Amino acid sequence: MKTLFELRPIFSALMRNKLGPVLVAMQVALSLAILANAIYIVNLRLEVAARPSGIGDELEVFRAHVSNQVLGGHEDQVALQKREAETIRAVPGVVSVARVSSFPVSRSGSNTSVSVDRKQEVPTAVTGMFVSADSLVKTWKLRLVEGRDFLPDDYVELNPSVTNDFVKKVIVSKALAEKLFPGQSSFVGKEFFFGTGSNANGVTIVGVVETLQTSGAQAGQRGELSTILPARLSGQIYDGYAVRAEAGQRDRVMKEVEEALRKASATPIYVKAKSVEEFRTDRYRSEKGLAWMLLAVSSLLVVVTASGIVGMSTLWVAQRRKQIGIRRALGARRVDVLAYFIAENWLITTCGIVFGIALAVGLNHVLVGQFELPKLPVSYLLFSPLLFWILGVLAVYAPAWRAASISPATATRGV
């Protein structure tokens, strides 16, 4: 294996025919840069898709949406909402029900700006709102890390068409609390405002939940900034009911809830139940599609790079057939010839890796600036070279072994 450590003669031989080695090194560099960033983006997308919504035991929860229920005045609508909730509770297997304006990861909901001072010109954050007339902490099994759930007196009934009254107490996600009051360790009792200016509505935090994604479930911190408001509203045709079923009973309960609501209605209604699992699948379909596409492109790049190394090595073997025979005749062993080609390929691959790392960092810098992605971790720059070194050895092994198997008599025939 002495040849592995005698790289200077190998380098000198490569310099006499630069085009082939340069092309392979460029291919390795480009493949490494794209592969490192592609795999990083894939991991980021899959991490986003795997984030907890905040709802405990998601597979037991679904939304029952009843449309066209703005019938009569405010009192009539409130009474109808309560009857529908009781109808759902009466279905066997239902554990808990809560009227709610939207669902995490559902891609349908309301957002509003919040601030810590009415005098602010620029809001502190934008929060997703979940307006509910019942305990979402109970129905969604949210994990309170500070404070309490709403008390009966915290809930209010509002008719948005005739009043500008607002709730006084709220529960917020930990991410929103830390955004509003950075550096603080306790948030219960703190006040903030919906909007800015003299008309901003002040609210007091009574509870903080560990996690609660917004309906949009945006990537990064924005998808974690959520607020729960204790209110029953009239005139809200897009609101629905959060329903928690007994373990393993969700699908049956979904069908029976739909049937029960239709039978209980005096007029024809449209009822649609949809699970949190379905919301999650719909929300993250594009992320998973992008991940699979990037994985396919990355795999293709690896195959093309390996094919290039194999092709170039095969060509070099054919071109040096007589030189190999002469070396064998002078006493070179098969392992010496094999080591020579592996060392030669290692040298080319290493040059490509050096330029590839620089190119990967540059490409990541562009992605960070254009798409607000985090910087590429150092671990990816360590793993990718290892992958290409292994790939280079595997790709060159077969042509190198064929070269080492050439007999001196056959290779030198005609010399």
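Quick notes
- Qualifying residues in the range 225-262 (those that are in a helix (DSSP H, G or I), modelled with pLDDT of 95 or more and of a type in the set (D, E, K, R)) - the one nearest to Leu142 (Cα to Cα): Arg250
- Residues considered: Gly220, Gly197. Of these, the only one that is closer than 30 Å to Glu372 by Cα and modelled with pLDDT under 95 is Gly220.
- Counting only strands (runs of 3 or more DSSP E) that sit wholly inside the range 109-178, those with at least 3 residues that are under 29 Å from the mean Cα position of the chain (by Cα) are 110-115, 125-132, 144-147, 169-173.
- You will find that of Ser115, Ser101, the residue that is out of contact with any Leu (no Cβ under 7 Å at 6 or more places or on another chain), among the hydroxyl-bearing types (Ser, Thr, Tyr) and under 30 Å from Arg250 (Cα atoms) is Ser101 and no other.
- Near pairs, Cβ below 8 angstrom, 6+ apart or cross-chain, from the range 177-190 (over 16 Å from Pro123 (Cβ atoms)) to any residue that is assigned to a loop (DSSP other than H, G, I, E, B) and of a type in the set (D, E, K, R): Gln184/Lys190
- Residue selected from the range 357-387 under the condition closer than 16 Å to Ala219 by Cβ, open to solvent by 60 Å² or more (accessible area, probe 1.4 Å) and not charged (D, E, K, R), by the criterion modelled with the highest pLDDT: Pro374
- Tabulated pairs, the range 265-283, first under 14 Å from His65 (Cα atoms), second open to solvent by 50 Å² or more (accessible area, probe 1.4 Å) and of a type in the set (Lys, Arg), C-beta under 7 angstrom, 6+ apart or interchain: Ile269/Arg262; Val271/Arg262
- Within the span defined as the range 173-188, every residue fails to be of a type in the set (Val, Ile, Thr) and in contact with a Leu (Cβ under 7 Å, 6 or more places away or on another chain).
- Lone qualifier among Val335, Val310, Val303 - being open to solvent by 70 Å² or more (accessible area, probe 1.4 Å) and either of a type in the set (A, V, I, L, M, F, W, C) or in a helix (DSSP H, G or I) (or both): Val303
- Odd one out for Glu344 among (1) assigned to a helix (DSSP H, G or I); (2) without any contact (Cβ under 8 Å) to a residue 24 or more places away in the chain; (3) charged (D, E, K, R): (2)
- Thr349 vs. criteria closer than 30 Å to Ile41 by Cα, of a type in the set (S, T, N, Q), open to solvent by 20 Å² or more (accessible area, probe 1.4 Å) and in a helix (DSSP H, G or I): no
- Residues being farther than 26 Å from Leu382 by Cβ and in a helix (DSSP H, G or I) - total across the range 24-59: 2
- Search result, residues across the range 181-205 that are surrounded by fewer than 21 Cβ atoms within 10 Å (Cβ to Cβ) and not in a loop (DSSP other than H, G, I, E, B): Glu191, Asn201, Gly202, Val203, Thr204
- Among the candidates Pro123, Pro104, Pro21, the residue that is surrounded by 14 or more Cβ atoms within 10 Å (Cβ to Cβ), in contact (Cβ under 8 Å) with a residue 40 or more places away in the chain and in contact with a strand residue (DSSP E or B) (Cβ under 6 Å, 6 or more places away or on another chain) is uniquely Pro123.
The values are calculated or read from the model by the stated rules, or taken from the named source; none is laboratory data. Because the structure is a prediction, the values reported are computed rather than measured. All Cβ positions, glycine included, derive from the backbone under ideal geometry; neighbour counts span all protein chains shown. Protein only, heavy atoms only, side chains kept; ligands, DNA and RNA dropped before computing areas. Shrake-Rupley method; radii C 1.70, N 1.55, O 1.52, S 1.80 Å.
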